[in-house]
Amino acid sequence: GENVEQHPSTLSVQEGDSAVIKCTYSDSASNYFPWYKQELGKGPQLIIDIRSNVGEKKDQRIAVTLNKTAKHFSLHITETQPEDSAVYFCAANAGGTSYGKLTFGQGTILTVHP
Amino acid sequence: SAVISQKPSRDICQRGTSLTIQCQVDSQVTMMFWYRQQPGQSLTLIATANQGSEATYESGFVIDKFPISRPNLTFSTLTVSNMSPEDSSIYLCSESPTGTDTQYFGPGTRLTVL
């Protein structure tokens, strides 16, 4: 089955700096890669996603890049703010007959210091 | 995305008892899923809740321990049976709009087993 590795496990930045979180996946049939933000006491919130037919997607301060050949994708947050502090999870879908199933990375605790 | 609610939001239970968690979506959806998030960990898929048929369980999860119902397209329940302290986790339901891989999560149920 799919295996998703996420790095780093913790990331500390100063307000205004950029943050980058990287994930690798194992299943070459995967074609959908979402990113979730989970704040303390809440469920994961979808913040951006990318499909395998594009290499990059942006939404204001957030961008995701995908390298299908290397089987890795990354989340980029620019001009970080204290409210960006949360746990971030990457995920990949399972191709073939496992449509809809997501496998999650281990999570990254992002702390943005004012 | 649909609005997803879960009940209860949290509970403290005694060893050996069972708890049923409800998940309600405000629009009809095809796919609903149940995840477990152990303390400080990532999300692990328990099962896919299929409307009108038995749930599809992932490796390591069995129906006797985690019975799931899906009586219609907007509602599902997960029961955690014969609980032990190792079952202390956040239990999350998610929904996937018809024809997409995108998943949206509920707020979660925080379960503590003493």
With the structure loaded, tell me whether residue B:46 is surrounded by 14 or more Cβ atoms within 10 Å (Cβ to Cβ), part of a strand (DSSP E or B), more than 10 Å from chain A (Cβ to nearest Cβ) and modelled with pLDDT of 95 or more or whether it fails that test. yes
Selection over region A:67-114 where residues are within 14 Å of residue A:6 (Cα to Cα), hydrophobic (A, V, I, L, M, F, W, C) and open to solvent by less than 60 Å² (accessible area, probe 1.4 Å) yields a count of 9
Report the residue count in region A:6-44 for those that are among the hydroxyl-bearing types (Ser, Thr, Tyr), within 11 Å of chain B (Cβ to nearest Cβ) and either crowded, with 17+ Cβ neighbours inside 10 Å or in a strand (DSSP E or B) (or both). 3
Hey, any hits in region A:87-110 for a residue that's more than 13 Å from every other protein chain (Cβ to nearest Cβ) and part of a strand (DSSP E or B)? yes
Number of the exception - residue B:61 against (1) within 14 Å of another protein chain (Cβ to nearest Cβ); (2) buried (at least 16 other Cβ atoms within 10 Å of the Cβ); (3) at pLDDT 95 or above; (4) assigned to a strand (DSSP E or B): (4)
Residue check: is residue A:54 more than 9 Å from chain B (Cβ to nearest Cβ), open to solvent by less than 40 Å² (accessible area, probe 1.4 Å), over 15 Å from the mean Cα position of the chain (by Cα) and not charged (D, E, K, R)? no
Quick one: would you say residue B:86 is acidic (Asp, Glu), within 14 Å of chain A (Cβ to nearest Cβ) and closer than 24 Å to residue A:38 by Cβ? no
When you look at residue B:112, is it outside any loop (DSSP other than H, G, I, E, B), touching a residue at least 24 places away in the same chain (Cβ under 8 Å) and under 11 Å from the mean Cα position of the chain (by Cα), yes or no? no
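Residue-wise test of (1) within 14 Å of another protein chain (Cβ to nearest Cβ); (2) open to solvent by less than 30 Å² (accessible area, probe 1.4 Å); (3) within 20 Å of residue B:37 (Cβ to Cβ).
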| position | (1), (2), (3) |
| --- | --- |
| B:57 | yes, no, yes |
| B:67 | no, no, yes |
| B:94 | yes, yes, yes |
| B:106 | yes, yes, yes |
| B:109 | yes, yes, yes |
| B:114 | no, no, yes |
Would you point out the residue of region B:33-43, among those that are more than 10 Å from chain A (Cβ to nearest Cβ) and assigned to a strand (DSSP E or B), that is farthest from the chain's Cα centre (by Cα)? B:36
Looking at region A:57-66, which of its residues are assigned to a strand (DSSP E or B) and open to solvent by 50 Å² or more (accessible area, probe 1.4 Å)? A:57, A:58, A:59
Condition check for residue B:30: within 12 Å of the chain's Cα centre (by Cα) and surrounded by 12 or more Cβ atoms within 10 Å (Cβ to Cβ): no
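The values are calculated or read from the model by the stated rules, or taken from the named source; none is laboratory data. Computed from a predicted model, the values in this text were never measured in an experiment. Here Cβ is always computed from backbone atoms with ideal geometry, including for glycine, and neighbour counts include all displayed protein chains. Side chains included, ligands, DNA and RNA excluded: accessible areas come from the protein's heavy atoms. Shrake-Rupley method; radii C 1.70, N 1.55, O 1.52, S 1.80 Å.
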